[in-house]
Amino acid sequence: MLDSLNLGPWAREAVFTGIGLLVGQTALITILLVQRSRRRRAEREMRDNQQMLEASNQQISDLFGRLIEAQETERSRIARDLHDDVSQRVAALALSISSLKRKLLNNAGDRGTIAELSAMQGDAVALAEGVRNVSHDLHPSALKHAGLVTALREFCDQFGRLHALAITFTAAPGLGPIDGPAALCLYRVVQEALHNVAKHARARNVTVSLARSGDVVQLAIVDDGKGFQLAARLGQGTGLGLISIDERVRLMGGQMAVDTRPGGGTGLSVSIQQ
C-alpha cells in the first residue's frame with residue numbers, strides 16, 4: 001500500500017515511525033485504562049471491606065455492651081441472693097452457736113466443747129463477713145444509697161486492708177453528683193484496676209483520685225509497682241483487664257490512657273463526660 005503511494009525512503013520511515021508511536025500510545029492508553037479500572041475496583045473492594053469491618057466492630061461493641069448489661073444484672077441477682085438468703089442463714093447459725101455456748105457455760109459444760117463452739121462461732125462470723133464482702137463487690141449497695149465517692153472510699157479502705165496496700169483516695173472539692181451508668185462504670189474501673197495492682201504490680205502504695213473539669217469526670221489510679229511493657233502485655237493476650245476497662249469506658253463515650261514502663265509504676269487515667 002505504501003509502495004503505491006510512491007513514497008521515498010525517508011517518508012516511509014517517518015510513516016512507520018508514526019504508526020509505531022500510534023500503536024505504542026494506543027497500547028499505553030489501554031494499559032492505563034485497565035490499571036485505572038483495576039484501581040477503582042480495588043478501591044471499591046477496600047471501601048466495602050472497610051464498611052464490613054466497621055459494621056463488624058460495631059456489632060462486637062454492641063455485643064460487649066449487652067454482655068456487660070447482662071453481667072451487671074446477674075451480679076445484682078447473685079448479690080441479692082447472698083445478702084437476703086445465705087448471709088442471713090450464716091448469721092442465724094452464728095446466733096445458734098452462741099446460744100448453745102451460753103447454755104453449756106450456765107450448766108458448767110465441758111470446757112473443750114465450749115472452746116470448739118467458740119471457734120465455730122468465730123468461723124461463722126468470719127464467713128458471714130466474707131459473704132457480705134462478696135455481695136458488696138458484686139453489687140455495691142453504697143453506690144446507690146450513698147453515692148460514688150462514699151462507695152469508692154469504702155471499697156479502697158476495705159481492699160487496702162485485705163491486700164496490705166496503702167491506698168489513698170481523694171475526691172476534688174466541688175466534684176458534684178455522679179450518678180447512673182457513669183458512676184457504675186467508674187466504680188468497676190477502680191475495682192478492676194486495683195485487682196490488677198494486687199495481682200501483678202507488687203506495689204505498696206496506690207492513689208485513687210476523682211476530679212471534674214467542666215462536664216468531664218476524671219479518674220486517676222497510680223501505683224508504685226514494677227510497671228510493664230504495655231504493647232507486650234496486650235500482644236501476649238495477658239492484658240484482658242485493661243481491655244475490659246477500655247471497653248467499659250468506650251461504651252460510655254469516654255477515653256482511657258495508660259502510662260507505664262518497667263520499674264516505673266503504672267498510671268491509669270479515665271475521662272467520662274457527664
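Figure legend: label point modelled 7 angstrom from the Cα of R261 along Cα→Cβ; residues of the stretch 197-227 with amide N under 14 Å from it are 227. Stretching the chain fully between R89 and K103 yields a gain of 2.9 nm (0.36 nm per residue, less the alpha carbon separation). At 20 °C and 1.002 mPa s, grab the translational diffusion coefficient of the stretch 140-273 from Stokes-Einstein with a Kirkwood Rh over Cα pairs, rounded to a whole number in µm² per second. D = 143 µm²/s.
Each residue of the stretch 181-191 was assigned a 3J(HN,Hα) from its phi angle through the Karplus expression (A = 6.51, B = -1.76, C = 1.60, θ = phi - 60°), giving x, 5, 5, 5, 4, 5, 5, 5, 4, 5, 4 Hz with x at Gly and Pro. Rounded to 0.05, the FRET efficiency of the D123 and D179 pair, given R0 = 41 Å and the Cβ-Cβ distance, is 0.55.
Per-residue Karplus couplings for the stretch 166-179, computed as 6.51 cos²θ - 1.76 cosθ + 1.60 with θ equal to phi - 60°, are listed in order as 8, 9, 9, 10, 9, 10, 5, x, x, 5, x, x, 10, 10 Hz, Gly and Pro entered as x.
Applying 0.36 nm per residue to the separation of N49 and R111 and subtracting their alpha-carbon distance, the gain on full extension is 14.5 nm. The string of couplings for the stretch 257-263 from the Karplus curve (6.51, -1.76, 1.60, θ = phi - 60°) is 9, 10, 10, 7, 7, x, x Hz, one whole number per residue in order, with x for Gly and Pro.
Under a 5 Å amide H cut-off, with hydrogens placed 1.01 Å from N, T170 pairs with V208, S209, L210 among residues at least 5 apart or on other chains.
Within a straight-line Cα-Cα reach of under 24 Å, K199 can be paired with the following lysines, leaving aside sequence neighbours fewer than 8 residues apart in one chain: K226.
Read-outs throughout are calculated quantities, based only on the coordinates presented, and are distinct from any laboratory measurement. Source: prediction; values computed, not measured. Backbone-built Cβ (ideal geometry, glycine too); neighbour counts: all protein chains shown.
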